[in-house]
1. Only one of these is out of contact with any Cys (no Cβ under 8 Å at 6 or more places or on another chain) and in contact (Cβ under 8 Å) with a residue 12 or more places away in the chain: G17, G60, G100. Name it.
2. Restricted to segment 23-48, and to residues that are in a helix (DSSP H, G or I) and either among the hydrophobic types (A, V, I, L, M, F, W, C) or at pLDDT below 95 (or both), which residue is farthest from G60 (Cα to Cα)?
3. Is it the case that K112 is surrounded by fewer than 10 Cβ atoms within 10 Å (Cβ to Cβ) and either among the polar types (S, T, N, Q) or within 25 Å of E33 (Cβ to Cβ) (or both)?
4. Looking at this structure, is A72 surrounded by 11 or more Cβ atoms within 10 Å (Cβ to Cβ) and either among the acidic types (D, E) or out of contact with any Phe, Trp or Tyr (no Cβ under 8 Å at 6 or more places or on another chain) (or both)?
5. Give A149, A123, A139 a once-over and let me know the one that is open to solvent by 50 Å² or more (accessible area, probe 1.4 Å) and among the small types (G, A, S).
6. Tell me which of these A10 doesn't satisfy, since it passes every other one: (1) under 19 Å from R79 (Cα atoms); (2) assigned to a helix (DSSP H, G or I); (3) in contact (Cβ under 8 Å) with a residue 40 or more places away in the chain; (4) open to solvent by less than 40 Å² (accessible area, probe 1.4 Å).
7. Considering only helices (runs of 4 or more DSSP H) fully contained in segment 68-163, which possess at least 1 residues that are more than 30 Å from K4 (Cβ to Cβ)?
8. Kindly evaluate A59 against the criterion of being surrounded by 18 or more Cβ atoms within 10 Å (Cβ to Cβ) and in contact with a helix residue (DSSP H, G or I) (Cβ under 8 Å, 6 or more places away or on another chain).
Amino acid sequence: MSEKRTRQAAARDKREGKAPSTQAGEFVREEIEHVREGKHGVRSTKQAIAIGLSKARRAGVKVPAKKTASKATRKRAARDQAAGEHPHKPDPKRSRATTGALKREGRAAVSKRALSSQAHKSAAKRPAASRSAAAKKAARTKGAAGRSAAAKKAAATRARRRH
């Protein structure tokens, strides 16, 4: 079961007209936090993301499965979506078993480095035009102060990498 704070944040995103993936991002963030605070572990960054997406679907966020997803993944996504339409408390026995299994997993998959590398891999799969369009939109919606801060951050990063 996701936290109330996360469900509220996702609902706020929905009211603001944001995309389902943005709404689901709140649940993914929650999952990453859970692993970081030691609630449980995950085998990979992708698993943490998958758990977050599953929770989002079960909370009623309409996140479609990727076009490239396997048959099993599509089936699971559809099942999660259906569960989200008639919410009920998860089965305690099953929930305990899942948490027990996850407790035995590591925490390294949600380190800054692991998340960064996952983001890079994911972005590299997108066409250059799509990445460029996203960057242009980010620059447009950032505002003057935001752009200035981003430029300073980039300069600091460049300086750090030079030494």
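1. Numbers: G17 fails: in contact (Cβ under 8 Å) with a residue 12 or more places away in the chain; G100 fails: in contact (Cβ under 8 Å) with a residue 12 or more places away in the chain.
G60 is the lone residue from the list that is out of contact with any Cys (no Cβ under 8 Å at 6 or more places or on another chain) and in contact (Cβ under 8 Å) with a residue 12 or more places away in the chain.
2. Pass one, segment 23-48, residues in a helix (DSSP H, G or I): 23-36, 45-48.
Now narrow it down to the ones that are either among the hydrophobic types (A, V, I, L, M, F, W, C) or at pLDDT below 95 (or both): 24, 27-28, 32, 35, 48.
Values: A24: 10, F27: 12, V28: 14, I32: 20, V35: 23, A48: 19 Å.
Among those that are in a helix (DSSP H, G or I) and either among the hydrophobic types (A, V, I, L, M, F, W, C) or at pLDDT below 95 (or both), it is V35.
3. Details: surrounded by fewer than 10 Cβ atoms within 10 Å (Cβ to Cβ): yes; either among the polar types (S, T, N, Q) or within 25 Å of E33 (Cβ to Cβ) (or both): yes.
Judged against the criteria, K112 is a match.
4. Details: surrounded by 11 or more Cβ atoms within 10 Å (Cβ to Cβ): no; either among the acidic types (D, E) or out of contact with any Phe, Trp or Tyr (no Cβ under 8 Å at 6 or more places or on another chain) (or both): yes.
The answer is no for A72.
5. Working: A123 fails: open to solvent by 50 Å² or more (accessible area, probe 1.4 Å); A139 fails: open to solvent by 50 Å² or more (accessible area, probe 1.4 Å).
None of the others qualify; the one that does is A149.
6. For A10, the failing item is (1).
7. Details: elements: 71-85, 92-103, 112-124, 128-162.
Filter on segment 68-163 gives 71-85, 112-124, 128-162.
8. Details: surrounded by 18 or more Cβ atoms within 10 Å (Cβ to Cβ): yes; in contact with a helix residue (DSSP H, G or I) (Cβ under 8 Å, 6 or more places away or on another chain): yes.
Taking the combined requirement at face value, the residue satisfies it.
The values are calculated or read from the model by the stated rules, or taken from the named source; none is laboratory data. Everything numeric in this text was worked out from a predicted model, so none of it was measured. Don't worry about glycine lacking a Cβ; one is built from the backbone with ideal geometry, like all the others, and counts go over all protein chains shown. These accessible areas exclude ligands, DNA and RNA; they are computed on the full protein's heavy atoms, side chains included. Shrake-Rupley method; radii C 1.70, N 1.55, O 1.52, S 1.80 Å.
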